[in-house]
Amino acid sequence: MSWETRKEHVVREMIPQLREHMLDLKRLADTSAKESGVEVWSQSFMKNVLGFSPSSYSIESQKPHRKMRFDLAVSLANKPDKVVLLVEVKKLGADLNKSDLRSGKLQLAEYLKTLGGVRWGILTNGYEWRLYDFKSDFITVTSTDICSEQQELDTNPKALEDTAWDLLDFSAMYFQEGMWEELSTEAQALSPDSLARSILAIEVVKRIGKNLKEHRQYSAPLDILTGKLAELIEYGLNDMLACWNEEQRKELDRYIRAQIKLAKKTKRAVQSEREGPRENGQSTATDSPVPDTGRGGGQNP
């Protein structure tokens, strides 16, 4: 007998359409990288993979507002005039970190400010997806890249499952159940400023000193250790470790990636244990409904 949590059910339902859309994106990359093509693809991706299906949502392309046009405006199906989410779509693979006036993040901020009353914005170039919270100083709530570490669209079963788990943050399920608010709170708590202050807290510095004594056989004075940590935070590894060779950098990168993957798997296991099982993927009478992903008996876009 198969048992699964609600999140596992949504992820399993995502995978077939995720594979089809990744294959479509591969074809799009081979034929055309025009922004309009990525916009059409992103609209379908949101409906069929992320669960913003026509039964619950309306996604309008090039929605006019004053002198502006929003790439994608998401509204509730029963309240088509109430926009709940704006999506800014860039050219396939475009640099989302640009800081000029036409950067996607600044455009989203301008649109949301002009529109008013809309908290959430998504920025994408097809591969990368970033969720922003306008209410909290336009903080980056979460982000993911559907490409593999080799910068490829990997459609093997294991890679698809991992990608689906990452995309769960952007799903209608997370929006509907208030999890975006939780992710926003988490993002604020884990912001660079917040983390820097936490790392430099005296009790944390003491723990790091204890670790150094146990594993490096060195008893670091707290004032020196605090200064070194502050220097590390201020200048970053890239500047401070300029003398490293390529293999040393790759080894550290592999270690960091492995630790992040381990942390994600641990988090999923803990969440699954807390949520409890669901028999055969079916919801109980007390469950909230699984968002329609546009498959099975749902509507197609």
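The values are calculated or read from the model by the stated rules, or taken from the named source; none is laboratory data. A quick note: this is a predicted structure, and the numbers were derived from the prediction, not measured. Here the Cβ is made from the backbone with ideal geometry for all residues, glycine too, and neighbour counts use every protein chain on show.
Filtering segment 63-81 for residues that are under 16 Å from Gln176 (Cα atoms) and of a type in the set (D, E, K, R) leaves a non-empty set. Of all residues assigned to segment 28-35, at least one qualifies as being within 21 Å of Ser148 (Cα to Cα) and either modelled with pLDDT of 95 or more or of a type in the set (D, E, K, R) (or both). For segment 71-79, the criterion of being at pLDDT 85 or above, closer than 17 Å to Tyr174 by Cβ and either in contact with an Asp or Glu (Cβ under 7 Å, 6 or more places away or on another chain) or outside the structural domain of Glu181 (by TED's automatic domain parsing) (or both) is met by no residue. Looking only at segment 61-90, residues that are surrounded by 15 or more Cβ atoms within 10 Å (Cβ to Cβ) and not hydrophobic (A, V, I, L, M, F, W, C) come to 6 in all. Touching a helix residue (DSSP H, G or I) at 6+ places or on another chain (Cβ under 9 Å), under 22 Å from Thr155 (Cβ atoms), part of a helix (DSSP H, G or I) and not hydrophobic (A, V, I, L, M, F, W, C) - does that describe any residue in segment 86-93? Scanning segment 86-93 turns up no residue that is touching a helix residue (DSSP H, G or I) at 6+ places or on another chain (Cβ under 9 Å), under 22 Å from Thr155 (Cβ atoms), part of a helix (DSSP H, G or I) and not hydrophobic (A, V, I, L, M, F, W, C). Hey, among the residues in segment 20-58 that are more than 18 Å from Glu128 (Cβ to Cβ) and among the basic types (Lys, Arg), which one's nearest to the chain's Cα centre (by Cα)? So, considering only residues that are more than 18 Å from Glu128 (Cβ to Cβ) and among the basic types (Lys, Arg), the one nearest to the chain's Cα centre (by Cα) is Lys47. Of all the residues in segment 219-242, those that are modelled with pLDDT of 90 or more, hydrophobic (A, V, I, L, M, F, W, C) and surrounded by fewer than 13 Cβ atoms within 10 Å (Cβ to Cβ) number 2.
Checked against (1) modelled with pLDDT under 85; (2) more than 21 Å from the chain's Cα centre (by Cα); (3) not acidic (Asp, Glu), Ser103 passes all but a single condition, namely (2). Report, by residue number, each residue of segment 21-51 that is part of a helix (DSSP H, G or I) and without any contact (Cβ under 8 Å) to a residue 12 or more places away in the chain. Listed by number, the residues that qualify are Arg27, Asp30, Thr31, Ser36. Selection within segment 186-218: residues that are of a type in the set (Ser, Thr, Tyr) and either at pLDDT 95 or above or over 16 Å from the mean Cα position of the chain (by Cα) (or both). The member of this set that is nearest to Asp154 (Cα to Cα) is Ser194. Anything in segment 88-132 that is of a type in the set (S, T, N, Q) and without any contact (Cβ under 8 Å) to a residue 60 or more places away in the chain? List them, or say none. Within segment 88-132, Asn97, Ser99, Ser103, Gln107, Thr114 meet the criteria. Listed by first and then second residue, the pairs with beta-carbon distance under 8 Å, at least 6 apart or on different chains, first residue in segment 133-147 and under 30 Å from Glu161 (Cβ atoms), second among the basic types (Lys, Arg), are Asp133/Arg119; Thr140/Arg130; Thr142/Arg130; Ser143/Arg130. Checking the stated criteria, Ser53 turns out not to satisfy the condition of being under 25 Å from Leu108 (Cα atoms), touching a strand residue (DSSP E or B) at 6+ places or on another chain (Cβ under 6 Å) and crowded, with 16+ Cβ neighbours inside 10 Å. When restricted to residues that are acidic (Asp, Glu) and over 30 Å from Leu160 (Cβ atoms), segment 103-129 contains 1.
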